[in-house]
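K.L.:
Quick one: the structure is below, and I'll ask about it shortly.
Quick note: the coordinates plus some simple rules give every number you see, no bench work behind them. On a predicted model such as this, the values are computed, not experimentally measured, just so you know. Here Cβ is always computed from backbone atoms with ideal geometry, including for glycine, and neighbour counts include all displayed protein chains.
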Amino acid sequence: MSHLGMKILYGLYNSIDYCWCERCFAPWPDMEEELRAAHLPLYALESGDGLDAFDIIAFTLQYELSFTNVLNMLDLAGIPVRAAEREGLRHLVIAGGCCTANPEPLADFVDVFVIGEGEEVSLELFDLYRTAKRENWDKHRFLAAAAQIGGCYVPALYTPHYDKDGNFTGITPSDGAPARIVKRIVKDLDKAYYPDCPVVPSTEVVHDRVMLEVMRGCIRGCRFCQAGHTFRPIREKSPETLIRQGITQAENTGYDEISLTSLSTTDYRKLDELCDGLIDWCAKRHISLALPSQRADKFSVELAQRLEKVRRTGLTFAPEAGTQRLRDVINKNIREEDLYNACGLAFANGWNSVKLYYMMGLPTETLEDLDGIAKIARGVVDVWRKTSDNRARGVRVTASVACFVPKPGTPFQWEPMDTVEQLREKQEYMKGIMRIKNVDFNWHDPITSHLEGVFARGDRRLCAVIYDAWRRGCRFDGWDDQLRMDLWQEAFEACGVDMAYYANRARSFDEALPWEHIYNGVTREHLMMENLRAHSGLASEDCRAGCAGCGALELLEGGICDV
Amino acid sequence: MSELRLLFEKRGTARYISHLDLMQVFRRAFARADVPLGFSKGFHPHPAITILLPLSTGFESVCELLDFELDAPRLPDNFLYKLNRALPAGICVTGVSESHTPARLIRYAAYEIYTEMDVTPEALTELFSRDALVITKRTKRGESETNILPLLRGFRAEPQGDGILIRVKVAAGNESLNPEYVIAAIEKYCGVTASYTSYLRREVFTEDLQVFR
């Protein structure tokens, strides 16, 4: 319920005369049991109609470990999970979202992947579907025509090739489908559809608030970040549009929080103007304005205090790595001094808790980099001792360390991921050095990250593994209490697929990558250059300090990036 | 700022909205209806909304009471229409009045319990005319053996459809009894298991069984 893309597309589709869109979410296993026992199909929430009553079933793919849920939801609705087994136009299965940066592991199950932003392209697809339905086309004719719509990837029209050693060598289209599927974007966000009145749940969900999307894309180019590379080019909304949309949504929903969302909201140029336009309106109504996270080098006490007029929220910074050397490698251009300055300002103004986000397993990482995480945590506590206006209240520094997963479409798409053993070893080391007064250390078992790493850079041979694992009972794999690694291992063995081949292997620049026919706007040359700079320990400037010519500008067709 | 009391129904799928979520549902409905609420003072101000007698999740009710502070000289025109339009299906406000009687005066709540089990209404009437019905009651301090009869008033059972409709008043407020223990007692003493049970709160009463408002 918290996903912004779903709110936008749900509102947009229902604003179209001929379209009726409902929501459906994967049921928890206890509900699944009841549905299966009662022979009830998985149903849509608005009407209670089974999913099999719908023409098109659309999935948003936000996380690799939700892939088995896609199969399970189709099956619960009585719809064949394999695309080839679904005949005719009924039950067309489409999917979009950030995991389409590499859709190959789901190629056997999805009829059409929509690459990029869905506002325009999905309506073009629906139009075509209406024509096809009216004129009684067969499925193949429809799919071949759909492949001609920019941003529509029809996996059934592409054949992958492997060499004698089983390495992927390329993919060839048929039926006139394009060799490269170029991501779709909305050029002018001020003119784009934005929902006035999203569905407000009556039971608590996460991120239950007005989400005001201030821009798309990110100027930073952190080398590990998939969204930062695949959501380009940078486009801002005007403060006028945002103020109008924020007030309308708050009035219509009754939410008491407006979140200014984007990949890096402190980089939004007219943030002051936007806050000025909203803050008094909000304060009168006990509505708080929130920034999901802030850059330590852009932290402003004045801004933070204005935002907390209604409610004081915690501070979160993401240094991502423990040493300047490694931060240069990953291009997270934040200096330790920036962080200490930001924390000092915050502590002096009454804050007493800070959350710090890191990753371990980054390319070129050494124990010294992990020591740096502990050193910074100590440093922040020291800053608190020197700057706090109220020492008696104490301080809480939380350091969360996630496992780095190399993602397609980033400069690190060629990098080997640390093995589970390496990551566990590093975690044990971290547990030792993070026993620090006033510091909490959070970590997560690397096994889920490992599986994520396999699917993130997988090819079509993983379709069989996903199918097999689902048949064995795997679902909700991203949930620790549901993940059945034993069943996954059986599935990989039964299909003769090696997890390490996908997760832990370094790729050379000469190698063909299974997802390179999906073009998100950033050129291979740019990603390679950024990868080389990473290994030379060289940071790159942000897009505003100097355009690196990543290629995303081309998507604007004569427009200008980041105006 | 005046304190006002709503009388509302919670029926249908709205029965699955929990007590805490219901407060949020009302807070948002007031905001959508543009009715300004009073807020508590302090570091984390929260809207002054109190639900007088929390209802178990899954129960329906036609007699829920909610107190709120209005941060305006008077209620807007068409207040009930505006608020009901902003509330989710199943929740319907049927009245608004000054809040003058304190919640602690609530002593009983009348329930209609519809249940399907292999037992006759006559057997139930006989069961509830005994001297004592002792069941194991879970409390915050652990389990205790409790005679539930002193906590009940006016037990009646009659056939309805495929099952039995029980009307009973149970203690509510300070020393209370969840009506699920009525079914638990029947299951224990009659050696049966209910295949289906639903609960509807009909009315709330004071000590002398006057309707509480």
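K.L.:
Eigenvalues of the Cα gyration tensor times 5, then square-rooted: what semi-axes does that give for chain B, in whole angstrom, largest first?
P.N.:
Square roots of five times the eigenvalues give 36, 18, 15 Å.
K.L.:
Okay, next question. Run the helix sum for chain A: -39,500 (n - 2.57) per DSSP H stretch of 4+ residues, divided by residue count, reported at 222 nm to the nearest 500 deg cm²/dmol.
P.N.:
Values: 18 runs with 202 residues, N = 563.
My calculation for chain A gives -11000 deg cm²/dmol from helical runs alone.
K.L.:
Using just the Cα positions, wrap the range B:7-118 in a convex hull and report its mean projected area in square nanometres, one decimal place. If you can, show how the numbers build up before the last one.
P.N.:
On the way: hull surface 34.3 nm².
The directionally averaged projection comes out at 8.6 nm².
K.L.:
Hey, another quick one. Quote the FRET efficiency, to the nearest 0.05, computed for B:VAL62 versus A:LEU4 with a Förster distance R0 of 45 Å and r equal to the Cβ-Cβ distance.
P.N.:
0.70
K.L.:
So, one more: Given R₀ = 35 Å, what would the calculated FRET efficiency be for A:SER300 paired with A:GLU46, taking r from the Cβ atoms and rounding to 0.05?
P.N.:
Details: r = 43 Å, r/R0 = 1.23.
Rounded to the nearest 0.05, the efficiency is 0.20.
K.L.:
Give me A:TYR153, A:TYR357, A:TYR158 sorted ascending by neighbouring Cβ count inside 10 Å, so fewest comes first.
P.N.:
A:TYR357, A:TYR158, A:TYR153
K.L.:
Where in the range B:114-213 are there GluC sites (Glu not before Pro) that are in a DSSP coil and have at most 12 other Cβ atoms within 10 angstrom of their Cβ?
P.N.:
When the GluC sites (Glu not before Pro) of the range B:114-213 are filtered for loop state and at most 12 Cβ neighbours within 10 Å, B:GLU175, B:GLU207 remain.
K.L.:
If you take every DSSP beta bridge fully contained in the range A:191-332, what fraction is antiparallel? Give it as a percent rounded to 5.
P.N.:
Values: 2 of 9 bridges.
Roughly 20 percent of the DSSP beta bridges within the range A:191-332 come out antiparallel.
K.L.:
Next up: What is the distance in Å between the Cα centroid of the range B:182-205 and that of the range A:166-224?
P.N.:
The range B:182-205 and the range A:166-224 have Cα centres separated by 51 Å.
K.L.:
Looking at the range A:101-163, which GluC sites (Glu not before Pro) are DSSP coil and have at most 16 other C-beta atoms within 10 Å of their C-beta? Working shown, then result.
P.N.:
Details: sites: A:GLU117, A:GLU119, A:GLU120, A:GLU124, A:GLU135; in loops: A:GLU117, A:GLU135.
When the GluC sites (Glu not before Pro) of the range A:101-163 are filtered for loop state and at most 16 Cβ neighbours within 10 Å, A:GLU135 remain.
K.L.:
Continuing with this model, one more query. Between A:THR316 and A:ASP486, what is the label-point separation in nm under the 7 Å Cα-to-beta-carbon projection?
P.N.:
Roughly 3.5 nm, to one decimal.
K.L.:
Follow-up question, since we're still on this one. Once both labels are modelled 7 Å past Cα along the beta-carbon direction, what's the A:THR366-A:CYS197 spacing in nm?
P.N.:
In this crude spin-label approximation the distance works out to 6.2 nm.
K.L.:
Averaged over its residues, how many other protein chain Cβ atoms are within 10 Å of peptide B:15-21's Cβ atoms?
P.N.:
Across B:15-21, the average partner-chain Cβ count within 10 Å equals 2.
K.L.:
Assuming a ≥ b ≥ c are the square roots of the Cα gyration tensor eigenvalues, decide whether the range A:375-522 counts as rounded (a/c under 1.5), prolate (otherwise, with a/b larger than b/c) or oblate. Mind dumping the intermediate values first?
P.N.:
Details: a/c = 2.85, a/b = 1.90, b/c = 1.50.
Prolate is the answer for the range A:375-522, as a/c is 1.5 or above and a/b outweighs b/c.
K.L.:
Among DSSP bridges having both ends in the range A:4-182, what percentage is antiparallel? Round to the nearest 5.
P.N.:
55 percent
K.L.:
Please report the relative contact order for chain A, taking Cα pairs under 8 Å with a sequence separation of at least 6, and give it as a percent rounded to a whole number. Present the calculation step by step, with values, prior to reporting the outcome.
P.N.:
Working: 994 pairs, mean separation 88.3, N = 563.
About 16 percent, as a whole number.
K.L.:
On to the next question. How about the range A:1-90: which chymotrypsin sites (Phe, Trp or Tyr not before Pro) there are in a DSSP loop, with at most 10 other Cβ atoms within 10 Å of their Cβ?
P.N.:
A:TYR18
K.L.:
Which whole-number percent is the relative contact order of the range B:2-100 (Cα, under 8 Å, 6+ apart)?
P.N.:
50 percent
K.L.:
Something else about it: Rounded if a/c is under 1.5, else prolate if a/b beats b/c, else oblate: with a ≥ b ≥ c from the C-alpha gyration tensor eigenvalues square-rooted, which is the range A:64-166?
P.N.:
Rounded.
K.L.:
Hey, fewest Cβ within 10 Å first, where do A:MET529, A:MET31, A:MET360 land in order?
P.N.:
Ordered from fewest to most neighbouring Cβ atoms within 10 Å, A:MET529, A:MET31, A:MET360 come out as A:MET31, A:MET529, A:MET360.
K.L.:
For the range B:26-53 and the range A:396-444, write down the distance between their C-alpha centroids in whole Å.
P.N.:
The range B:26-53 and the range A:396-444 have Cα centres separated by 42 Å.
K.L.:
Please give the average number of partner chain Cβ atoms lying within 10 Å of the Cβ of each residue in B:25-35, rounded to a whole number.
P.N.:
Mean partner shielding for this stretch: 4.
K.L.:
Considering only chain A, what is the antiparallel percent among its DSSP beta bridges, to the nearest 5?
P.N.:
Details: 10 of 43 bridges.
Percentage antiparallel, nearest 5: 25.
K.L.:
I'd like the distance between the alpha-carbon centres of the range A:457-492 and the range A:272-308, rounded to an integer number of Å.
P.N.:
With the range A:457-492 and the range A:272-308 each reduced to a Cα centre, they are spaced 43 Å.
K.L.:
Just to be sure I understand the model, the point goes 7 Å from the Cα along the line to the Cβ. What's the resulting B:TYR196 to A:GLU34 distance in nm?
P.N.:
Here the modelled spin labels are 1.4 nm apart.
K.L.:
What does the C-alpha gyration tensor say about the overall shape of the range A:1-157? Classify as rounded when a/c is under 1.5, otherwise prolate if a/b is larger than b/c, or oblate.
P.N.:
Rounded is the answer for the range A:1-157, as its axis ratio a/c remains below 1.5.
K.L.:
Between B:ARG141, B:ARG11, B:ARG130, find the one with the highest GNM mean-square fluctuation for chain B; connect C-alpha pairs within less than 10 Å.
P.N.:
Comparing B:ARG141, B:ARG11, B:ARG130 in the GNM, the peak value goes to B:ARG141.
K.L.:
Follow-up question, since we're still on this one. Please work out how much length the chain gains when fully extended from A:GLU87 to A:HIS207, using 0.36 nm per residue of separation minus the C-alpha to C-alpha distance, in nm with one decimal.
P.N.:
Stretched out fully, the A:GLU87 to A:HIS207 stretch lengthens by 39.3 nm.
K.L.:
Take every Cα-Cα distance within chain A, group them into 10 Å bins from 0 onward, and report for each bin the whole-number percent of pairs it holds.
P.N.:
Distribution as computed: 3, 16, 26, 29, 19, 6, 1, 0 percent.
K.L.:
Order the peptides A:32-42, A:297-307, A:461-471, B:161-171 from the highest to the lowest mean number of other Cβ atoms within 10 Å of their residues. Walk me through the numbers before you get to the answer.
P.N.:
Values: A:32-42: 12.8, A:297-307: 15.8, A:461-471: 21.1, B:161-171: 17.9.
Per-residue Cβ counts within 10 Å, averaged per peptide and sorted highest first, yield A:461-471, B:161-171, A:297-307, A:32-42.
K.L.:
Between A:VAL182 and A:ARG269, what's the calculated FRET efficiency when r is the beta-carbon distance and R0 is 35 Å? Round to 0.05.
P.N.:
E(calc), rounded to 0.05, equals 0.80.
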